[in-house]
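Peer 1: So that we are looking at the same thing, I have put the structure below in structure tokens.
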Amino acid sequence: MYNLGVAYGEMLKFDMAIVFYELAFHFNPHCAEACNNLGVIYKDRDNLDKAIECYQLALSIKPNFSQSLNNLGVVYIVQSKMDAAASMIEKAIITNPTYAEAYNNLGLLYRDDGDIALMKEMMTNFSKLIGTGVGGL
């Protein structure tokens, strides 16, 4: 079921992806990845409350799931909850120090907050990870 959700998502058939991610979670309530991917779809559809619910559910199953930590942080950025966003994204980096996207997101948050020194540090880490092919983008 989960793989069908991924396939429909890649085909941009998000309504079908939602159906199969929900089925995947129904039959495997430990599938944090399905919850995370549902959150991504809901965020992209500007349903931030539902996205948060999905990310929090994923984290209740898998507390150190770096993708959900980062994604939840991104939603908090959209909601202008910068302290909560920084906290989530920092946790994503702690749980997965090679997660390039999290360094990028934290760098952008620091830039927007006016902390250029920390922004440069995060962007340097991002660039190093991307340059090595380790960063997961």
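Read the figures in this text as sums done on the coordinates, not as results from a lab. These numbers were taken from a predicted model, which means no experiment stands behind them. Note that each Cβ is placed from the backbone with ideal geometry, even for glycine, and that neighbours are counted across all protein chains shown.
Peer 1: State whether the range 7-46 is rounded, prolate or oblate according to the following rule on the C-alpha gyration tensor (a ≥ b ≥ c being the square roots of its eigenvalues): a/c under 1.5 gives rounded; otherwise a/b larger than b/c gives prolate, and the remaining case gives oblate.
Peer 2: Oblate shape, in that a/c is at least 1.5 and b/c is the bigger or equal ratio.
Peer 1: Which peptide among 7-15, 46-54, 105-113 comes first, and what is the full order, when sorted by highest mean count of other Cβ atoms within 10 Å?
Peer 2: 105-113, 46-54, 7-15
Peer 1: Taking a quarter of the surface of the convex hull around the Cα atoms of the range 55-104, what do you get in nm²?
Peer 2: 3.0
Peer 1: Turning to a different aspect of this structure: What shape does the range 64-137 have by the C-alpha gyration tensor, where a ≥ b ≥ c are the square roots of the eigenvalues, rounded means a/c under 1.5, and otherwise prolate means a/b greater than b/c and oblate the rest?
Peer 2: Oblate is the answer for the range 64-137, as a/c is 1.5 or above yet b/c matches or exceeds a/b.
Peer 1: Applying the Karplus parametrisation 6.51 cos²θ - 1.76 cosθ + 1.60 with θ = phi - 60° to the phi angles of the range 28-45, what ³J(HN,Hα) value in whole Hz is obtained for each residue in order, glycine and proline being reported as x?
Peer 2: Once rounded to whole Hz, the list reads 9, x, 9, 8, 5, 4, 5, 5, 4, 5, 4, x, 4, 5, 5, 4, 4, 8.
Peer 1: What is the P(r) of the chain, as percent of Cα-Cα pairs per 10 Å bin from 0?
Peer 2: Whole-percent P(r) values from 0 Å outward: 14, 38, 34, 12, 1.
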